[in-house]
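Written out below as structure tokens is the structure these notes cover.
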Amino acid sequence: MRDADALDDALQTRMVDAIIVDLLPGAASRVGWRALEHATRHAPIPIVGLVAPRALDIALLARCHASGVTTVLLDGVDDAMLRTLLHPVLLTTRFTLRADVLLDEHAVGELAQAVWRTGVSHAGRLTSVATVAKQLGMSREHLSRSLQAAGSLGPKQLLELVRLLMVQMLLAAGVPVALAASRLGYSSPSHLARAARAATGSTPRQWGGLRGDDLITAALARGRAGPGASTSLPCATRLLS
């Protein structure tokens, strides 16, 4: 983005893995520093500052730190090395490390685990059942029937739960509910609230300090109890009090 306002507008409706800000000397640097004023509003997306080797000093590092830059890269790094250096801090990487194993302690079956991990690899971005089925080498209908036969949540429910976990991650970082909803493809905060209530029995405003595993436990209990069942998050009262 060449304009700080354009960056702000783009991040209203997009989930990106990192924001790379040009802090090289010149006019672009002035735009870059202004962009940081906007970028820091979009936690937990990591901010990467691109700087000139000759300009790197303690003062510049201090300014980067104060502006919310999480990683500083020197100009001239080739694309392959850039991907390697950035991989540990990318939003998708951090979400995957957190969410990938959350079903491990629940007896959901290997196929549900495979759907879950495929959904997690998309980091909560809106993903169709057909896309996941294709990645698993199955038709959409075969995937749905197989999960139903195994007594698991359906593929759409599993993918929705992954998306809600990303919502939870954004809210924990201080992102407003409306912005989290917009970034993850919900048409409005009320649309997000309805989806969350259908999946877990509660809305994002009620989650407070709940863990991802609490949401999964509630969603699995709700799915096994059947449509319209009432479920609760046992830790909610204690954590929200």
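The values are calculated or read from the model by the stated rules, or taken from the named source; none is laboratory data. Treat the numbers as computed from the prediction; the structure is a model and nothing was measured. Virtual Cβ from ideal backbone geometry, glycine too; neighbours counted across all protein chains shown.
Report yes if Val31 is touching a residue at least 24 places away in the same chain (Cβ under 8 Å), in a helix (DSSP H, G or I) and crowded, with 17+ Cβ neighbours inside 10 Å, otherwise no. When the stated conditions are applied, Val31 passes them. For region 98-113, the tally of residues that are surrounded by fewer than 16 Cβ atoms within 10 Å (Cβ to Cβ) and at pLDDT 90 or above stands at 1.
Are any residues in region 173-185 in contact (Cβ under 8 Å) with a residue 60 or more places away in the chain and either part of a helix (DSSP H, G or I) or closer than 30 Å to Arg140 by Cβ (or both), and if so, which ones? First the steps, then the outcome.
Of region 173-185, the ones in contact (Cβ under 8 Å) with a residue 60 or more places away in the chain are 173-175, 179, 182-185.
Listed by number, the residues that qualify are Leu179, Ser182, Arg183, Leu184, Gly185.
Among residues of region 1-19 being hydrophobic (A, V, I, L, M, F, W, C) and either in contact with a Phe, Trp or Tyr (Cβ under 8 Å, 6 or more places away or on another chain) or in a helix (DSSP H, G or I) (or both), the one that is modelled with the lowest pLDDT is Ala4.
Let me spell it out: the conditions are (1) surrounded by fewer than 15 Cβ atoms within 10 Å (Cβ to Cβ); (2) of a type in the set (A, V, I, L, M, F, W, C); (3) not in a loop (DSSP other than H, G, I, E, B), and Val167 meets all of them except one. Which number is the exception? With respect to (1) surrounded by fewer than 15 Cβ atoms within 10 Å (Cβ to Cβ); (2) of a type in the set (A, V, I, L, M, F, W, C); (3) not in a loop (DSSP other than H, G, I, E, B), Val167 is out only on (1). Residues in region 186-227 that are touching a residue at least 60 places away in the same chain (Cβ under 8 Å) and basic (Lys, Arg): Arg224 alone. Filtered by the rule that a residue be surrounded by 21 or more Cβ atoms within 10 Å (Cβ to Cβ) and hydrophobic (A, V, I, L, M, F, W, C), region 114-135 gives Val115, Trp116, Val120, Ala123, Val132. Of the numbered criteria (1) outside any helix (DSSP H, G or I); (2) at pLDDT below 90; (3) surrounded by 12 or more Cβ atoms within 10 Å (Cβ to Cβ), the one Leu82 fails is (1).
Kindly check whether there is at least one residue in region 67-77 that is on the phi > 0 side of the Ramachandran plot and either free of Cβ contacts under 8 Å to residues at least 24 places away in the same chain or in a helix (DSSP H, G or I) (or both).
Here is the first cut: in region 67-77, the residues on the phi > 0 side of the Ramachandran plot are 68, 76.
Next, only the ones that are either free of Cβ contacts under 8 Å to residues at least 24 places away in the same chain or in a helix (DSSP H, G or I) (or both) stay: 76.
Among the residues of region 67-77, at least one is on the phi > 0 side of the Ramachandran plot and either free of Cβ contacts under 8 Å to residues at least 24 places away in the same chain or in a helix (DSSP H, G or I) (or both), which makes the answer yes.
Does His38 satisfy being out of contact with any helix residue (DSSP H, G or I) (no Cβ under 6 Å at 6 or more places or on another chain) and not in a loop (DSSP other than H, G, I, E, B)? Taking the combined requirement at face value, the residue does not satisfy it. In summary, Ala198 fulfils each of the numbered conditions (1) in contact with a helix residue (DSSP H, G or I) (Cβ under 7 Å, 6 or more places away or on another chain); (2) within 30 Å of Ala107 (Cβ to Cβ) with the single exception of condition (1).
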